[in-house]
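Reviewing the structure listed below.
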Amino acid sequence: MVSIDLGSNTIRAIEIDCITLKKVAEYEKIVRTADNLHKTGTISDEAVDRIVNAIDEIGKILNLESGVKAVTTEAVRRAKNGLEVIDFIKKSTGVEFQIIDGKQEAYYTLLAVVNRLEKLNFKVKKFILVDIGGGSTELIFFNDNKINVKSFPIGVVTTAQKYRTKDKIIENLPSEMDEIKDFIDEYYKVAEKPDMFVSTAGTPTTVAAMKLGMNYKTYDADRINGVYLQKDDLEEQMERLLSLDEKSRQELVGVGREDLIVAGILIFRHLYDLLGFDRAYVIDDGLREGVAIAKCKKLKIDEIFH
């Protein structure tokens, strides 16, 4: 079956064999769904065209006739024309997207990450999972199958477009992340600090790839899974990016990411401080994998974790 995740910056799809749960094929493209959303409150016609074109490409690479589960997240949740966009995409491509809330998004992502950690033989019962998306960030405290989760409307695209420069982001990030700080502080008052900090989504995977000497074209998810990033790694790779011209940055991190990755790194780095960790383990698997696993196993996402 095929699952599609339309995020605030990227559309990602995967086809898996429901018997073995192994990947058959995958697809990823930057479509900038949330481009200028912070100003207009809507998904632009240009973004919709990019999404429709990407879905057409997905149909040529993945077998949509095997069954499709398509979900979309913060950008479409927030947009005033979100339902209109969903309707237009369905009429244009035949693919119907479900708008999921932050908690559902977090649970699907957690399902995929737990599945990957088990395959990597990480025997950890308490961890914090952070998913930094284009339009939102999810924090998931996992404690021996007990979950405490919250979604926050701060993301890579919205932050980069709102503040534009590194210095402006650094200046405003503490106040933008006040709610995240309060959530972490309240959790630490009643529960022990997790044993491990786990991260997923484009920012950590991109930084991990850079650390391993990969670029956008040579990216290999199998090498990314389980890699850890020290806080110093974030600083080192950010300075490396800032030293490059635009074309070189695009070759390294992908067209459409070159102006966003610094914002992502700054958000990520601030989370190290708020959570009290000096290293984070990176997992490539995310929402699309979780949606596919749940569909294949016929799981109701709210019943997976208690």
Taking interchain pairs and intrachain pairs at least six residues apart, which have beta carbon atoms under 8 angstrom, with the first residue in the stretch 264-280 and in the same structural domain as Leu139 (by TED's automatic domain parsing) and within 14 Å of Phe183 (Cβ to Cβ) and the second of a type in the set (Phe, Trp, Tyr) and crowded, with 18+ Cβ neighbours inside 10 Å?
Leu275/Phe197
Say we look at the stretch 225-251 and pick out the residues that are acidic (Asp, Glu) and part of a helix (DSSP H, G or I); which of these is farthest from Val207 (Cα to Cα)?
Glu246
Any residue that is assigned to a loop (DSSP other than H, G, I, E, B), surrounded by fewer than 23 Cβ atoms within 10 Å (Cβ to Cβ) and not aromatic (Phe, Trp, Tyr) - is there at least one of those in the stretch 43-55?
yes
Go through Ile128, Ile99, Ile55 for me and flag whichever is touching a Pro at 6+ places or on another chain (Cβ under 8 Å) and of a type outside the set (Gly, Ala, Ser).
Ile128
Can you confirm whether the stretch 183-196 contains a residue that is farther than 26 Å from Val227 by Cα, within 22 Å of the chain's Cα centre (by Cα) and without any contact (Cβ under 8 Å) to a residue 60 or more places away in the chain?
yes
Taking Thr33 as meeting all but one of (1) polar (S, T, N, Q); (2) within 20 Å of Gly155 (Cβ to Cβ); (3) surrounded by fewer than 20 Cβ atoms within 10 Å (Cβ to Cβ), write down the number of the exception.
(3)
Pull out all pairs, ordered by first then second residue, where Cβ-Cβ is under 9 Å, the residues are six or more apart or on different chains, the first lies in the stretch 225-253 and is in the same structural domain as Leu275 (by TED's automatic domain parsing) and surrounded by fewer than 17 Cβ atoms within 10 Å (Cβ to Cβ), and the second is basic (Lys, Arg) and in a helix (DSSP H, G or I).
Lys231/Arg269; Glu235/Arg269; Glu236/Lys211; Leu242/Lys166; Leu242/Arg249
Only one of these is free of Cβ contacts under 8 Å to residues at least 24 places away in the same chain, on the phi < 0 side of the Ramachandran plot and in contact with a strand residue (DSSP E or B) (Cβ under 6 Å, 6 or more places away or on another chain): Glu138, Glu28. Name it.
Glu28
Set Lys80, Lys103: member being surrounded by fewer than 20 Cβ atoms within 10 Å (Cβ to Cβ), within 30 Å of Asp45 (Cβ to Cβ) and either outside the structural domain of His38 (by TED's automatic domain parsing) or of a type in the set (Lys, Arg) (or both)
Lys80
Scan of the stretch 56-79 for residues that are of a type in the set (D, E, K, R) and in a helix (DSSP H, G or I), ordered by number
Asp56, Glu57, Lys60, Glu65, Glu74, Arg77, Arg78
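The values are calculated or read from the model by the stated rules, or taken from the named source; none is laboratory data. Quick caveat: nothing in here was measured; it's all calculated off a predicted structure. Don't worry about glycine lacking a Cβ; one is built from the backbone with ideal geometry, like all the others, and counts go over all protein chains shown.
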